[in-house]
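Taking it in order: structure first as structure tokens, then the write-up.
The values are calculated or read from the model by the stated rules, or taken from the named source; none is laboratory data. Values in this document were obtained by computation on a predicted structure and should not be read as measured data. Cβ placement follows ideal geometry from the backbone for every residue including glycine, while neighbour counts extend to all protein chains displayed.
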Amino acid sequence: MKYQDIWINGEVTERGKRECAARYEIIRQFCITLKQPFTVCDIGANMAYFGLRLIDDFDCYVIAFEFHQFEERAKIINLNKTAKLIYMNRKISLNDLDILKQFCHFNLILALSVLHHVPGSVKEWIEKLQKFTDNLIIEVALDDSKRTKTRKEYIIPAGEILGYGDSHLKENFKRPIILL
């Protein structure tokens, strides 16, 4: 079973183990406020579910970074009839963020349930991501993930809570979706 739902040409063709539609609705409601068309960078995009849905709903432009099982995922994602998504095979690093900020600026960056997986300081990741976006939406794992307990410097930043997404690791547990 895939982690995210598979979205192809306007519909879910396979459910993933992680609930996606309600989490997407939280993000969609925020995106209604953005000037159209807007640009999105999705860090740890998985099946690019959120980017593909945003393209369908807002005709925006998306770059999505994923490295895990990239070739398999890319075959599925390429079934979508969109010319507005770049799907990149890359595990983003802090140094990559320094480079990206030199020539990229996005209206929105998504980092959904990914910061507990990144190496180094989460605070530093957030600070660097904020340097090349108008809006950063993160979803943070809490004590539903063992990684949050074993990481030094794992922080939950102060920001506007847009809503909560269901955890796939712990039943009846919600992860905050935060706008910075």
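So for segment 6-25 (the condition being within 20 Å of Thr133 (Cα to Cα), modelled with pLDDT of 95 or more and surrounded by 18 or more Cβ atoms within 10 Å (Cβ to Cβ)), does at least one residue qualify? Yes. The set of residues in segment 1-56 being farther than 23 Å from Met88 by Cα, over 15 Å from the mean Cα position of the chain (by Cα) and aliphatic (A, V, I, L, M) consists of Ile32, Leu34. A single entry from Leu108, Leu97 fulfils the requirement of being part of a helix (DSSP H, G or I), modelled with pLDDT of 95 or more and surrounded by 14 or more Cβ atoms within 10 Å (Cβ to Cβ): Leu97.
Scanning segment 155-174 for residues being among the hydrophobic types (A, V, I, L, M, F, W, C) and closer than 20 Å to Arg28 by Cβ gives a total of 2. The residues listed here are Ser113, Ser121, Ser167; of these, the one that is over 21 Å from Arg53 (Cβ atoms), surrounded by 13 or more Cβ atoms within 10 Å (Cβ to Cβ) and of a type in the set (Gly, Ala, Ser) is Ser121. Of all the listed residues (Gln69, Gln4), the sole one being under 27 Å from Asp166 (Cα atoms) and without any contact (Cβ under 8 Å) to a residue 12 or more places away in the chain is Gln69. The lone criterion from (1) in a strand (DSSP E or B); (2) touching a helix residue (DSSP H, G or I) at 6+ places or on another chain (Cβ under 8 Å); (3) not aromatic (Phe, Trp, Tyr) left unmet by Ile86 is number (2). Taken together, Ala45, Ala64 contain a single residue that is in contact with a Gly (Cβ under 8 Å, 6 or more places away or on another chain), assigned to a loop (DSSP other than H, G, I, E, B) and not basic (Lys, Arg), which is Ala45.
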